[in-house]
1. A:Leu427: within 14 Å of chain B (Cβ to nearest Cβ) and buried (at least 23 other Cβ atoms within 10 Å of the Cβ), yes or no?
2. Just one of the numbered conditions (1) surrounded by fewer than 24 Cβ atoms within 10 Å (Cβ to Cβ); (2) in a helix (DSSP H, G or I); (3) in contact with a helix residue (DSSP H, G or I) (Cβ under 9 Å, 6 or more places away or on another chain) is not true of A:Val612; which one?
3. May I ask you to say which residue of A:Ala420, A:Ala359 is on the phi < 0 side of the Ramachandran plot and in contact (Cβ under 8 Å) with a residue 60 or more places away in the chain?
4. When you go through A:Gly301, A:Gly290 one by one, which is the residue that is under 19 Å from the mean Cα position of the chain (by Cα) and at positive phi?
5. Would you be able to say whether some residue in region A:353-376 is closer than 30 Å to A:His690 by Cα and among the small types (Gly, Ala, Ser)?
6. Grab the strands (runs of 3 or more DSSP E) fully contained in region A:202-254, keeping just those with 2 or more residues being surrounded by 21 or more Cβ atoms within 10 Å (Cβ to Cβ) and in contact with a strand residue (DSSP E or B) (Cβ under 9 Å, 6 or more places away or on another chain).
7. Determine whether A:Ser702 is under 29 Å from A:Ala538 (Cα atoms) and either touching a His at 6+ places or on another chain (Cβ under 6 Å) or surrounded by fewer than 15 Cβ atoms within 10 Å (Cβ to Cβ) (or both).
8. Please specify each residue of region A:225-248 satisfying the condition of being within 17 Å of A:Tyr108 (Cβ to Cβ), aliphatic (A, V, I, L, M) and over 17 Å from the mean Cα position of the chain (by Cα).
Amino acid sequence: MGVGILASRAIRPASRLVRSQPSNLFLRTIVSKPELQSPEAAAVSQPEPPKNQILPPRNPVGGARVHFTNAEDAIEVFVDGYAVKVPKGFTVLQACEVAGVDIPRFCYHSRLSIAGNCRMCLVEVEKSPKPVASCAMPALPGMKIKTDTPIAKKAREGVMEFLLMNHPLDCPICDQGGECDLQDQSMAFGSDRGRFTEMKRSVVDKNLGPLVKTVMTRCIQCTRCVRFASEVAGVQDLGMLGRGSGEEIGTYVEKLMTSELSGNVIDICPVGALTSKPFAFKARNWELKGTETIDVSDAVGSNIRVDSRGPEVMRIIPRLNEDINEEWISDKTRFSYDGLKRQRLSDPMIRDSDGRFKAVSWRDALAVVGDIIHQVKPDEIVGIAGQLSDAESMMVLKDFVNRMGSDNVWCEGTAVGVDADLRYSYLMNSSISGLENADVFLLVGTQPRVEAAMVNARICKTVRASNAKVAYIGPPADFNYDCKHLGTGPDTLKEIAEGRHPFCSALKNAKNPAIIVGAGLFNRTDKDAILAAVESIAQANNVVRPDWNGLNYLLLYAAQAAALDLGLIQQSAKALESAKFVYLMGADDVDVDKIPKDAFVVYQGHHGDKAVYRANVILPASAFTEKEGTYENTEGFTQQTVPAVPTVGDARDDWKIVRALSEVSGVNLPYNSIEGVRSRIKSVAPNLVHTDEREPAAFGPSLKPECKETMSTTPFKPVVENFYMTNAITRASKIMAQCSAVLLKK
Amino acid sequence: EEKKRFSIQRLNKHQMAAPFTLRKIGVPPNSANLTEARRRVFDFFRAACRSIPTIMDIYNLQDVVAPSQLRFTISAQIRNNAHVTDPKVIDLLLFKGMEELTDIVDHAKQRHHIIGQYVVGEGLVQNTGSKDQGKSDFLKNFYTSNYF
């Protein structure tokens, strides 16, 4: 239509136009110049940039640092006239990133293998007949790369036009709107109009489970999800079927994505083909406030960003942390946020004489507890911290219970006899990122896939990158990498310790052997013997050296490492059975039957989970998204959560409740602000105050005394029965209930 | 008390037509120096204390508060601004105080206003309660809210 009127005006006799030129300013002739006809002609007509121009200095994209493995192996390439030194194996795209130029891409991801099928990263390289796919082309010395020439721009426009041809007009109803790579790149690099007038193709949706919503019509076949599933998650669930425009991503057989890392494909997919099913149609990304905090569902402490809208957590997104979780989080971390909205305790409650709970004010509740605690002998007071407790609240609880005269305060998960004298005996000594350097793994009584999914992802990465050997002793389990099942119990461990097992040769020949012991073994009666056997294996195979410490202990709960650092250990086995006053600070895994019937139980927590039913007084506390707390992960890395949403109802922070209770009980704790609590922690465990720093263990196994006990023959039992329901928040979550009903392997 | 009210009303009778009478014992806006401003402050205080019985009668504050407490409150609010030295500023503060006093005496306010603003303040009635006497700031803040 646009061509018609103006063109017809232009075809009129030229004299009329010349005469009426000044007044008819809206008339103009259609003029085409040779530069506009083709990109090559445009390139020819562009003026040459003056030689020896002083260019401004450039920083790599995203403030990244370039790591040169070999200083001599650096190559020099020229990106847009700017000389930059890159290591030898870098691709053109990576060289441009070092030079500060961000090249658009869809299928390339820095943590996945190279596919090169989207063609969006095309750049012009001198002396090359056609533009090259920068993600796949290795950078050669002296290459001149040009990213802003007309050829490169035309290539991008063309690729974008092709991608949008079959892409449905779903932006208003697509969840990825606002954070969609396709939207952003078409605005930045695409042309302003398309020329497609035929019918678009559509693809049938696949059912991948209750977590990942698929609208396969939007898929641009970048294969990022396929590569992620096979490389990082280790499951070969997804694949590309068909050819050409009939290509479909799917599982071919009617299979759900049962991997515990399946939620990460949602982040990886550049378009709205794979989105989060629980988050579908709930919010747009620009109305959410992101808060950078830490996850507490397991002992890894993955870095997350909590997106909230007002008082409600809408979704959880991973944050980059190269040392701990890279860019991935497990499904439990990602989808258990809706448990924060259900079964929440919001008012202090006291159990009436007829057995029902009655909501009271804080004054009355604390007065009642303060009264009762003085009627009990000091030895009968027991405090148990829960698996989601932060270091501040555990410090205040320990101080309070100790000042009341009792030594019975521990964190759930630490059985009798676990001593916290030497830090190496409960930390992951090679650090999670250090596991990448190991070449032989021996997993003793641990299933990292369900206990700490990020550690498992790291082991999978090591196995894939350097063909590391993995062997495990424990109940038969599903692993997403090749591993040998050596045995089920302490017998196999004894054989390896004495050198009779065929696996010992693999351990001896390994350069960096790693032994990972699960914290579930701490609860066994023959724990000392088993740990002594492990340490003898470590000594025989040179596992602990000055440059490499491969003896690792994988903790189960977020609060365990900090609890052991602060000294919350269980010293007498009879403490709970003879208790008259039990203070449960979020402790739901305590065996409620062990508490005597006449004991007075105070439950302080944020969810009405198992232990609430036995409590006499309920004090509502805040969850990890609502408080600022210090957590130490299993490798000794201290991190802090940040409050993202306000507390529910009349709840208070954990440490404040214990501090107020101590004041009402007449015990004077010397601090009344969080800085005071932190300075008290500093005098007990100073590594908990240095956030974002890892404090390795100071001493090795050489200091431990010899153990005289013998091992029993009971095989190792799995610690986590249901991966999706391990703490109070996940047990209250509807999404986790759906997952455990549908996705658990039977 | 009847007489006093009558006498005050007689002073303003030329403005009885207006629903809310304005006191002409107001503060003319110009004080020459600090001494004159001080004099005006004390005059204002006297006028306010003299209208306390009227106020207690209008708003039925007999069982709520004693006249001495009200005098204390008024003097405390004047003392709040004891550090001011500029006569013009003092004049303005007095003007506002007079405005407030006129409103109260003219029954332009209601009982809950008086009780909320002049009887139960941040520390007035709470402090006399026996519950929170010996408690620390931490505990008081803890009972109010989580964020302190």
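The values are calculated or read from the model by the stated rules, or taken from the named source; none is laboratory data. Model, not experiment: these values are computed from the prediction. In this analysis, Cβ positions are derived from the backbone assuming ideal geometry, glycine residues included, and neighbour counts consider all displayed protein chains.
1. Details: within 14 Å of chain B (Cβ to nearest Cβ): no; buried (at least 23 other Cβ atoms within 10 Å of the Cβ): yes.
Answer is no for this residue.
2. With (1) surrounded by fewer than 24 Cβ atoms within 10 Å (Cβ to Cβ); (2) in a helix (DSSP H, G or I); (3) in contact with a helix residue (DSSP H, G or I) (Cβ under 9 Å, 6 or more places away or on another chain) applied to A:Val612, the lone miss is (3).
3. On the way: A:Ala359 fails: in contact (Cβ under 8 Å) with a residue 60 or more places away in the chain.
When all the criteria are applied, what remains is A:Ala420.
4. Details: A:Gly290 fails: at positive phi.
When all the criteria are applied, what remains is A:Gly301.
5. So in region A:353-376, the residues closer than 30 Å to A:His690 by Cα come out as none.
No, because not a single residue in region A:353-376 is closer than 30 Å to A:His690 by Cα and among the small types (Gly, Ala, Ser).
6. Details: elements: A:212-214, A:239-241, A:248-250.
Fully inside region A:202-254 and qualifying: A:212-214, A:248-250.
7. Details: under 29 Å from A:Ala538 (Cα atoms): yes; either touching a His at 6+ places or on another chain (Cβ under 6 Å) or surrounded by fewer than 15 Cβ atoms within 10 Å (Cβ to Cβ) (or both): yes.
Yes: the conditions hold for A:Ser702.
8. Hits for region A:225-248 are A:Val226, A:Met240.
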